[in-house]
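Below is one structure, written out as structure tokens; the observations come after it.
FYI, it's all coordinate maths here, none of it is from the lab. All figures in this text were calculated on a predicted structure; none of them were measured in a lab. Note that we place each Cβ from the backbone using ideal geometry, even for glycine, and neighbour counts take in every protein chain shown.
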Amino acid sequence: MTTRLADLVYVDRSPIHGRGLFARVRFRKGQFIGTYSGPIAKRNGKYVLWITEADGTVYGVRGLNLLRYLNHAKPPNAFFDGVDLYAAKGIRPDDEITFDYGWED
């Protein structure tokens, strides 16, 4: 049985910025959360996740699923491996799920 992303996470008002993504369930460190999905982006814009492959290839994905509501934090509690999101540490239900956008602060 496949678990739907909406059964694992939800969107709500964020203390970080606008709306954010929150855990419905507990995630253990290293546990898969979901896949950022959408079409390849031709340019930067709202909800674009930029991926750098091991060979240096860079491309963007325009998020169409709930993961587009992820906010930035340092330190984050989640990280991307390609388009797949994993827990960087334990995440409790109702915790906001965040990742490092990679910007200089």
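Below is a table of values for the structure above.
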quantity: Size of charge dipole - the chain - debye, nearest 20, with Cβ of Lys, Arg +1 and Asp, Glu -1, no other charges; calculated: 340 debye
quantity: Sequence-distant residues sharing a close amide H with Thr98 (under 5 Å, placed H); calculated: Asn77, Ala78
quantity: Where GluC sites (Glu not before Pro) fall in DSSP loop in the stretch 8-105, at most 16 other Cβ within 10 Å; calculated: Glu53, Glu104
quantity: Computed over the chain: relative contact order in percent, which uses C-alpha pairs under 8 Å that are six or more apart; calculated: 32 percent
quantity: Lys, Arg +1 and Asp, Glu -1 on Cβ, resulting dipole of the stretch 47-97 about Cα centre, debye, nearest 20; calculated: 180 debye
quantity: Extension gain, Trp50 back to Tyr86 (0.36 nm per residue minus Cα-Cα distance, nm); calculated: 11.3 nm
quantity: Most fluctuating residue given options Gly45, Gly60, Gly34, as computed from a GNM of the chain linking Cα atoms under 10 Å; calculated: Gly45
quantity: The chain: most fluctuating residue of Ala78, Ala87, Ala41 per GNM, C-alpha cutoff 10 Å; calculated: Ala41
quantity: P(r) of the chain over all Cα-Cα pairs, binned every 10 Å from zero, in whole percent; calculated: 15, 50, 30, 5, 0
quantity: Cβ-defined net charge surrounding Asn71, 10 Å radius [Lys, Arg +1; Asp, Glu -1]; calculated: 0
quantity: q = 0.20, 0.27 Å⁻¹: log10 I(q)/I(0) that the Debye formula gives for the stretch 61-105, counting C-alpha atoms only; calculated: -0.66, -1.14
quantity: Dipole of the stretch 48-92 [Lys/Arg +1, Asp/Glu -1 at C-beta], most positive-end residue of Leu70, Val83, Val48; calculated: Leu70
quantity: The chain, helix-only ellipticity at 222 nm - DSSP H runs n ≥ 4, -39,500 (n - 2.57), divided by all residues, nearest 500; calculated: -500 deg cm²/dmol
